[in-house]
Amino acid sequence: MIEVRTCDWSDPDGERLRAAMDAEMGELYADRAKAATPVLWEALAVDPAEIAFVGVATRDGVPVGHAALRWRGPDLELKRMYVTPRTRGNGTSRVLLDWVEQTARKAGAVRVILQTGDRQPAAVRVYEREGYARIPVFPPYAGVPELMSICMAKSL
């Protein structure tokens, strides 16, 4: 059974999952990282003080996924959505997105927005399957080349 527990940004399981995500994305976008501008790094950075909600998904007590939310006006932005490679395809992303949307509704958000990369087609397919649609690039991603940045939203 997959469960999501709400925790702080500093939760050790959350930190490990974000480090795993950073390593995976570092490899996936390594060629672009070499040429990245400060604007790109600033757009992709997460200030822990801005994070409103964090959820860690567990399967049989083992941490297998992560999602965080930060306010962007009336919307909550999904940040650092990650599922461990060995547990992908077993429903973890659906459970995490359910948690995200329930949390956002309870908080009074109008919609959930997100930004993902062009080299993550599986993530885009998950979001589309769950009802997210592409939207124009929103701040702070305006400085990221549009071909690299896919922004999506789901009204609540």
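The values are calculated or read from the model by the stated rules, or taken from the named source; none is laboratory data. On a predicted model such as this, the values are computed, not experimentally measured, just so you know. Glycine also receives a Cβ, built like all others from the backbone with ideal geometry; neighbour counts cover every protein chain displayed. The area values use the complete protein model at the heavy-atom level, side chains included, leaving out ligands, DNA and RNA. Shrake-Rupley method; radii C 1.70, N 1.55, O 1.52, S 1.80 Å.
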Tabulated pairs, the stretch 25-38, first under 17 Å from Pro85 (Cβ atoms), second modelled with pLDDT of 85 or more, C-beta under 7 angstrom, 6+ apart or interchain | Leu28/Arg119; Tyr29/Gly117; Tyr29/Arg119
Just one listed residue, out of Val56, Val95, Val62, Val83, is open to solvent by 30 Å² or more (accessible area, probe 1.4 Å), hydrophobic (A, V, I, L, M, F, W, C) and touching a Gly at 6+ places or on another chain (Cβ under 9 Å), and it is Val95
Which of the residues that make up the stretch 128-150 are open to solvent by less than 60 Å² (accessible area, probe 1.4 Å) and either at pLDDT 95 or above or assigned to a helix (DSSP H, G or I) (or both)?
-> Glu130, Gly131, Tyr132, Ala133, Ile135, Tyr141, Gly143
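Could you list, in sequence order, the residues of the stretch 89-127 that are assigned to a loop (DSSP other than H, G, I, E, B) and polar (S, T, N, Q)?
First, pick out the residues of the stretch 89-127 that are assigned to a loop (DSSP other than H, G, I, E, B): 89-91, 108-110, 118-120.
The answer is Asn90, Gln120.
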Looking at this structure, is Arg111 without any contact (Cβ under 8 Å) to a residue 24 or more places away in the chain, of a type outside the set (Ser, Thr, Tyr) and either in contact with a strand residue (DSSP E or B) (Cβ under 6 Å, 6 or more places away or on another chain) or open to solvent by 40 Å² or more (accessible area, probe 1.4 Å) (or both)?
-> no
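Hey, could you check the stretch 7-35 for residues that are small (Gly, Ala, Ser) and surrounded by 13 or more Cβ atoms within 10 Å (Cβ to Cβ) and say which is farthest from Val64 (Cα to Cα)? Walk me through it before giving the result.
Residues of the stretch 7-35 that are small (Gly, Ala, Ser), as a first pass: 10, 14, 19-20, 23, 26, 30, 33, 35.
With surrounded by 13 or more Cβ atoms within 10 Å (Cβ to Cβ) added as a condition, the list becomes 14, 20, 33.
Values: Gly14: 10, Ala20: 11, Ala33: 26 Å.
Restricting to residues being small (Gly, Ala, Ser) and surrounded by 13 or more Cβ atoms within 10 Å (Cβ to Cβ), the top hit is Ala33.
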Show the residue pairs that are 6+ apart or on different chains and have beta-carbon atoms under 6 Å apart, the first residue being within the stretch 56-75 and assigned to a strand (DSSP E or B), the second being surrounded by fewer than 16 Cβ atoms within 10 Å (Cβ to Cβ) and among the β-branched types (Val, Ile, Thr).
-> Asp75/Val110
